[in-house]
1. Calculate the spin-label point distance for GLU185 paired with LYS197, positioning each point 7 Å from the Cα along the beta-carbon direction, and give it in nanometres.
2. Could you give the angle, 0 to 90 degrees to the nearest 10, between helix 187-199's Cα long axis and the longest principal axis of the Cα atoms of the chain?
3. Obtain the nm distance between the two label points defined at ARG60 and SER164 by a simple spin-label model: each point lies 7 Å from its Cα along the Cα-to-C-beta direction.
4. Could you check the simple spin-label distance between ASN258 and ASN31, using points 7 Å along Cα→Cβ, in nm with one decimal?
5. Under the rule a/c < 1.5 gives rounded, and otherwise a/b versus b/c splits prolate from oblate, where does the range 71-169 land using the Cα gyration tensor?
6. When the helix-only estimate is applied to the chain (DSSP H runs of n ≥ 4, each -39,500 (n - 2.57), divided by the residue count), what is the mean residue ellipticity at 222 nm, nearest 500 deg cm²/dmol?
7. When the chain is modelled as a GNM with alpha-carbon springs shorter than 10 Å, which of ASP118, ASP73, ASP240 fluctuates the most?
8. Which percent of the accessible heavy-atom area of the chain goes to carbon and sulfur, probe 1.4 angstrom?
Amino acid sequence: SPKLEYLLTETRGRVALVTLHRPKALNALCNGLFVELNQVLKDFDNNKDIGSIVITGSERAFAAGADIKEMKDRQFIENYVEDFLGHWTQITKIRKPIIAAVNGFALGGGCELAMMCDIIYAGDKAVFGQPEIKLGTIPGAGGTQRLVKAVGKSKAMEMCLTGSVNLTAQEAEAAGLVSKVYPAEQVLDEAIKTASKIANLSTPVVQMVKDAINQSFEMPLQAGLTFERRLFHSTFASNDQKEGMGAFAEKRKPNFTNN
Ligand code: CAA
């Protein structure tokens, strides 16, 4: 695989671990970092030996946002023509589950990146915020959209309108933005534990769950329920459904083969 400048990658069994590694800039999300992130995520998504992915940063910062110095002189027309930051959404097309293990700052694009993952675990010192308004701009990768769905209108408005009201890890958990808070030094291990639980289930069926839940953000209820039921029906065409239910009936552990 090509040499990476801004990321570290490794695998732990069927879990892929991607570490944002731009320590001098608190993992500010420059274009090069996101290009690498999209590439490694796509490779892991296509890799049959991988069942789930964990993204983490450093103890100080998950990511302190888009790279302000890199973008400060950009002009409207080039933003529009190049669809600036449009490629960030590629992460939402990854079909295997992604867990964000967040320590330290998750600000601006960093908070938005975490929200594009499927599950967020936070270290107890994590901070979530959307400070863009203080730079004379607005969130550009979901801060006004996904954050509302995660924490509700009032908190999202307060965070995005002031840029300085941030959520602590505990507040983020209470609001539903993150699913669990752990001591900072444990959050990555816990994320990997959950990721490996998921990775050892039937990967195609896991992908169906992710697909169905994500459709709930796009579809009216009846259409979403129909979509869910069709996927549910389709699992009965898999060996893994026969194995899973058969193992239950026979009082043994299932052995999923991802087909
Ligand atoms: N872009 C570029 N560089 C950044 C950065 C960013 N978003 N965040 C931090 N850095 C750099 C700093 O410039 C500094 O570099 P130098 O050592 O070369 O000066 C280095 O990282 C360390 O940062 P600080 O010295 O500022 O560290 P601190 O502990 O004093 O403060 C912080 C930490 C509060 C997170 C502060 O760095 C900060 O406010 N960062 C910017 C946060 C922000 O506004 N994010 C939103 C970006 S816009 C966006 O994301 C748009 C979008 O929606 C997609």
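The values are calculated or read from the model by the stated rules, or taken from the named source; none is laboratory data. Remember, predicted model here, so these are calculated numbers, not experimental data. As a convention, Cβ positions derive from the backbone with ideal geometry for all residues, glycine included, and neighbour counts pool all protein chains shown. What goes into the accessible areas is simple: the full protein's heavy atoms, side chains included, and nothing from ligands, DNA or RNA. Shrake-Rupley method; radii C 1.70, N 1.55, O 1.52, S 1.80 Å.
1. Output for this residue pair reads 2.4 nm.
2. 40
3. The answer from the label model is 2.3 nm.
4. Reported label-point gap for ASN258 and ASN31 is 3.5 nm.
5. Numbers: a/c = 1.87, a/b = 1.20, b/c = 1.56.
Oblate.
6. Numbers: 11 runs with 109 residues, N = 259.
Helix contribution divided over all residues of the chain: -12500 deg cm²/dmol.
7. ASP73
8. Working: 8000 of 14320 Å².
Answer for the chain is 56 percent, counting heavy atoms of protein chains only.
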